[in-house]
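Novice: For reference, the structure I am asking about is given below.
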Amino acid sequence: MPKKADELGALEVKRLSEPGLHFVGGVAGLGLQITPSGSKSWVLRVMVGAKRRKMGLGGFPDVTLARARDLARLAREKIGGGVDPIDEKKAARRDLAASRAKDVTFRACAQQHIAAHRKSWKNEKHEGQWERTLEMYAYPVIGDMWVRDVRLEHVMQILEPIWHTKTETANRLRGRIETVLDSAATKGLRDGVNPARWKGNLATLLPARHKIAKTTHFRAVPVKELPSFYEALRSQEGMAARALELLILTNVRSHNVRHASWNEIDMKSKTWLIPGEDGEDSKQRMKAGVAHRVPLSPAAISLLKRVGETAGTDLIFPSPRKLVPLSDMAMSKLMKDMKANGVPHGFRSTFRDWTIEHTNFSREITERAMAHAVGDKTEAAYLRSDAFEKRRKLMDMWAAYCTTTPQAKGKVISIR
């Protein structure tokens, strides 16, 4: 055991100024370390087992003489009980650092998830929907909370006000919160049951959405009104009108038309090959991420020739102000201005109704024309053909119906 030094008083300790270690007494091994620059700190020299250790107890005068002696006595008591206070202190620091590493907010986790997955999402709208719903509903409640602290009561505080009035939005929001919390759990940032999980959790507290929300479908121009609408559309000017024409004639989704480029069009074979995803940013072009061949009818070919190429871009329907794809609202606004009885996506329903009412084509051919998966995985494995030539006949007939003068509409086409 080290020899006890003479016990110094507070005033004597304050007067110490010579660089070096000055033992102050009261507790064996306790000294005040003074550096050449004049800074002062408390040090306790002790034997831990067979090893001599030096333990820092804090700076002077923040740690007073009396407090330093208390800390030194406590350290010696721990050593006497078989505990190394220096290792214990290091472990506490590690635990604190580990805890601080988990100090990540829900907002930060959500932003990390969006950044990691934006390239895998089908289109740019998806990212915007994620950000808007979280910003509007989730962030005001849990955005700045540590993600580990988000509990069921917080999720209910977010969802309850909109569950009955904005059910579809609330359900999508719930799924997004659940995904962010799952991601945080995978990273080790939280433990326990995901409070946004539906089954066995929120399902016991909120009514199922299908019991309180009516299913709504995209408004679709009725089959019998289509020729008249198409004739009126042809008289409209602008890229949005031409893009909507191609959307109707080819029965594809708005995103595919707006991002269509001339290198996808083969005029010779009268074919439009829509890639599964864009090569540059890996954004999905097709809903299933699989390339889709579209047969181009004579009317579609004629339309493309009328549109022609735009200097400085390969896009078929660039925005009139910038050489970028048309806005996703351009065709919707056009139809609204025309006071049309439907929306752009509704033409896919019009097409389906037309095939049922006016043709004898099989359901499989119609589904292929709409780029839908046919049957289950087993059935799909055997359907290796995309029935392209049959689809060409179907699309030629559809285009003929769309471009029929209104007086001649209503003719039923029978396919044998």
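The values are calculated or read from the model by the stated rules, or taken from the named source; none is laboratory data. Owing to the predicted nature of the structure, the values given are computational and were not obtained by experimental measurement. Using ideal geometry, Cβ is built from the backbone for each residue, glycine included, and neighbour counts are taken over all protein chains shown.
Novice: Could you check the stretch 287-345 and list, in sequence order, the residues that are basic (Lys, Arg) and either more than 18 Å from residue 258 (Cβ to Cβ) or more than 30 Å from the chain's Cα centre (by Cα) (or both)? Don't jump to the end; show me each part of the working.
Specialist: Looking only at the stretch 287-345, we keep the residues that are basic (Lys, Arg), and these are 287, 293, 305-306, 321-322, 333, 336, 339.
Across the stretch 287-345, the qualifying residues are 293, 305, 306, 336, 339.
Novice: If you check every pair at least six apart or on different chains, which have Cβ atoms under 7 Å apart with a residue in the stretch 9-25 that is over 17 Å from residue 66 (Cβ atoms) first and a residue that is surrounded by 12 or more Cβ atoms within 10 Å (Cβ to Cβ) second?
Specialist: Qualifying pairs under 7 Å: 17/34; 18/34; 19/34; 20/34; 21/31; 21/33; 21/43.
Novice: Another question, if that's okay. What helices (runs of 4 or more DSSP H), lying completely within the stretch 323-416, carry at least 2 residues that are small (Gly, Ala, Ser) and modelled with pLDDT of 85 or more? Working first, answer last.
Specialist: Numbers: elements: 330-337, 347-358, 363-369, 377-382, 388-402.
Those helices (runs of 4 or more DSSP H) span 330-337, 388-402.
Novice: Quick one: which strands (runs of 3 or more DSSP E) lie wholly within the stretch 8-73 and hold at least 1 residues that are within 14 Å of residue 86 (Cα to Cα) and among the aliphatic types (A, V, I, L, M)?
Specialist: On the way: elements: 20-23, 30-34, 40-48, 51-60.
Output list reads 40-48, 51-60.
Novice: Any idea how many residues of the stretch 163-202 are among the polar types (S, T, N, Q), out of contact with any helix residue (DSSP H, G or I) (no Cβ under 9 Å at 6 or more places or on another chain) and touching a residue at least 12 places away in the same chain (Cβ under 8 Å)? Break it down stepwise before answering.
Specialist: Of the residues in the stretch 163-202, the ones among the polar types (S, T, N, Q) are 165, 167, 169, 171, 179, 183, 186, 194, 201.
The next check asks that each one be out of contact with any helix residue (DSSP H, G or I) (no Cβ under 9 Å at 6 or more places or on another chain); those that pass are 165, 186.
Still in the list and also touching a residue at least 12 places away in the same chain (Cβ under 8 Å): none.
Summing the residues that are among the polar types (S, T, N, Q), out of contact with any helix residue (DSSP H, G or I) (no Cβ under 9 Å at 6 or more places or on another chain) and touching a residue at least 12 places away in the same chain (Cβ under 8 Å) in the stretch 163-202 gives 0.
Novice: Still on this structure, I have one more. Considering every residue within the stretch 273-286, establish whether at least one is modelled with pLDDT under 95, outside any strand (DSSP E or B) and under 17 Å from residue 402 (Cβ atoms). Before you say what the answer is, go through the steps one by one.
Specialist: Taking the stretch 273-286 first, the residues modelled with pLDDT under 95 are 273-286.
Now drop any that are not outside any strand (DSSP E or B), which leaves 275-276, 278-283, 285-286.
Subsequent filtering for residues that are under 17 Å from residue 402 (Cβ atoms) retains none.
For the stretch 273-286, residues modelled with pLDDT under 95, outside any strand (DSSP E or B) and under 17 Å from residue 402 (Cβ atoms): absent.
Novice: Inspect the stretch 307-322 for any residue being modelled with pLDDT of 90 or more, part of a helix (DSSP H, G or I) and surrounded by 13 or more Cβ atoms within 10 Å (Cβ to Cβ) and give the result as yes or no.
Specialist: Yes, because at least one residue in the stretch 307-322 is modelled with pLDDT of 90 or more, part of a helix (DSSP H, G or I) and surrounded by 13 or more Cβ atoms within 10 Å (Cβ to Cβ).
Novice: Considering each residue of the stretch 247-256, count those that are touching a strand residue (DSSP E or B) at 6+ places or on another chain (Cβ under 9 Å) and assigned to a helix (DSSP H, G or I), and give that number. Explain how you work it out, then say what you get.
Specialist: Applying the first criterion (touching a strand residue (DSSP E or B) at 6+ places or on another chain (Cβ under 9 Å)) to the stretch 247-256 yields 250-252, 255-256.
After this cut, where a residue has to be assigned to a helix (DSSP H, G or I) as well, the list is 250, 255-256.
Looking only at that region, the number is 3.
Novice: Looking for whichever is in contact with a Gly (Cβ under 7 Å, 6 or more places away or on another chain) and of a type outside the set (Gly, Ala, Ser) here; the options are 303, 323, 315, 334. Which one fits? First the steps, then the outcome.
Specialist: Details: 303 fails: in contact with a Gly (Cβ under 7 Å, 6 or more places away or on another chain); 315 fails: in contact with a Gly (Cβ under 7 Å, 6 or more places away or on another chain); 334 fails: in contact with a Gly (Cβ under 7 Å, 6 or more places away or on another chain).
Step by step, each of 303, 323, 315, 334 is checked, and only 323 is in contact with a Gly (Cβ under 7 Å, 6 or more places away or on another chain) and of a type outside the set (Gly, Ala, Ser).
Novice: Right, something else. For the stretch 5-39, give me each residue that is touching a Pro at 6+ places or on another chain (Cβ under 9 Å) and of a type in the set (Lys, Arg).
Specialist: 14 - this is the single residue of the stretch 5-39 that is touching a Pro at 6+ places or on another chain (Cβ under 9 Å) and of a type in the set (Lys, Arg).
Novice: Additional query: What helices (runs of 4 or more DSSP H) lie completely within the stretch 160-244 and have 1 or more residues being surrounded by 19 or more Cβ atoms within 10 Å (Cβ to Cβ) and at pLDDT 90 or above?
Specialist: The helices (runs of 4 or more DSSP H) meeting that bar are 167-186, 226-234.
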